[in-house]
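This report concerns only the one structure given below.
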Amino acid sequence: MISAAQLEEGIRYAEANYRDNDQGHLQVDKQLIRNKFDLNGAKVLDFGCGMGGMSMWYADNWDCEVYALDIDSHHITVARKVQEKHQIKNVTFSQRNILNEPLESHERFDWVFLNDVAEHISYDILEQIFRQLSQRLSPEGRILVTYPPWESPYASHVTHAVKIPWCQYLPQKMLTRLIEKNNQQIVGELESDLVSAYKGLNHLTHRRLMQILNRSGLTPVYRRSHSIINRLPGMRELNLSFFPFKYLITKEFLLLRPTTQVK
Ligand SMILES: C[S@@+](CC[C@H](N)C(=O)[O-])C[C@H]1O[C@@H](n2cnc3c(N)ncnc32)[C@H](O)[C@@H]1O
């Protein structure tokens with residue numbers, strides 16, 4: 001069961017992600033989604049919603065209906081608490097593993113978001129998930145995948161603790177010792193500290209993701225590689241995804257449609 005301290009920390013984290021538009025690791029996601037997409041009237045699936053910050057942000061910013069699921073019970077407990085506290089009506093949170101409890105044929109979505117989820121799931125499972133999601137889209141439905149690629153300075157998810165960008169390239173024994181030395185508890189039931197969070201990463205690159213998507217029946221229609229270079233004056237819109245700039249990418253955005261669109 002989730003402890004009182006975890007609950008409190010989770011609520012703080014989820015509220016920050018729900019409210020703050022100008023800071024935090026989801027700021028770029030929010031900017032891109034707000035500028036490019038219209039979710040009004042849409043059925044939205046927030047897949048791997050975590051503690052629900054983004055799910056509630058979608059619900060708050062658009063007249064849409066959000067179904068938000070996550071495999072981790074602690075995350076869903078936190079999400080429901082925040083939802084209750086802020087009286088957000090148009091979101092339903094569910095603890096669900098869609099490989100054991102597949103989405104049913106009446107569960108159709110105009111938008112499916114995977115914000116910072118794909119890099120946490122093993123490749124074979126990810127392929128099965130994408131295949132199922134591609135079959136649960138409405139006729140014009142789209143999937144947006146956002147993730148830090150493995151080349152990214154922050155891809156290890158532990159940079160804030162060990163204070164070394166690109167630390168994923170250190171010898172793994174040395175890095176494991178460093179993470180253990182700076183270890184922190186986190187809110188998850190399945191991943192409850194930084195060591196388990198690091199070990200749960202699948203080292204996802206754009207190339208690897210494209211192979212998985214090809215096999216899952218999904219085709220990219222738009223790619224944006226947000227990088228450190230975009231912070232420089234006059235460089236905001238640069239989209240550099242090739243070597244050596246790919247090592248400066250902080251977040252990849254890939255918009256997908258089914259390869260064969262079912263009408
Ligand atoms: C880094 S968190 C991102 C949470 C949220 N999307 C956000 O942006 O704040 C990754 C989430 O993916 C969830 N996850 C991992 N594997 C999953 C699966 N097979 N099905 C559903 N959720 C999963 C984890 O439990 C975790 O909450």
The number of Lys pairs in the chain whose alpha carbons lie under 26 Å apart, excluding pairs fewer than 8 residues apart on one chain, is 28
Using only the alpha-carbon atoms, what does the chain span along each of its principal axes? Please give whole angstrom values in decreasing order.
50, 45, 39
If Lys and Arg each add +1 and Asp and Glu each add -1, what is the summed charge of the other residues whose beta carbon sits under 12 Å from the beta carbon of TYR123?
-1
At a Förster radius of 41 Å, what calculated FRET efficiency corresponds to the Cβ-Cβ distance of ASP63 and MET1, to the nearest 0.05?
0.70
With n ≥ 4 as the cut-off for DSSP H runs, can you work out [θ] at 222 nm for the chain, using -39500 (n - 2.57) per run divided by the number of residues, rounded to the nearest 500?
-10500 deg cm²/dmol
How big is the range 185-263 in terms of Cα radius of gyration and Dmax, in angstroms?
16.4, 46
So for the pair SER138, GLN184, with labels modelled 7 Å out along Cα→Cβ, what separation do we get in nm?
3.9 nm
So between SER192 and ASN21, what do we pick up on full extension, going 0.36 nm a residue minus the alpha carbon distance?
58.9 nm
Total charge of the residues flanking ASP29 in space, meaning their Cβ is under 10 Å from its Cβ, with Lys and Arg +1 and Asp and Glu -1, is +2
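Just so you know, all these numbers are worked out from the coordinates, no wet-lab data involved. What you are looking at is a predicted structure, and each value in this text was computed from that prediction instead of being measured. Ideal geometry is used to build each Cβ from the backbone, glycine not excepted, and the neighbour counts take in all protein chains shown.
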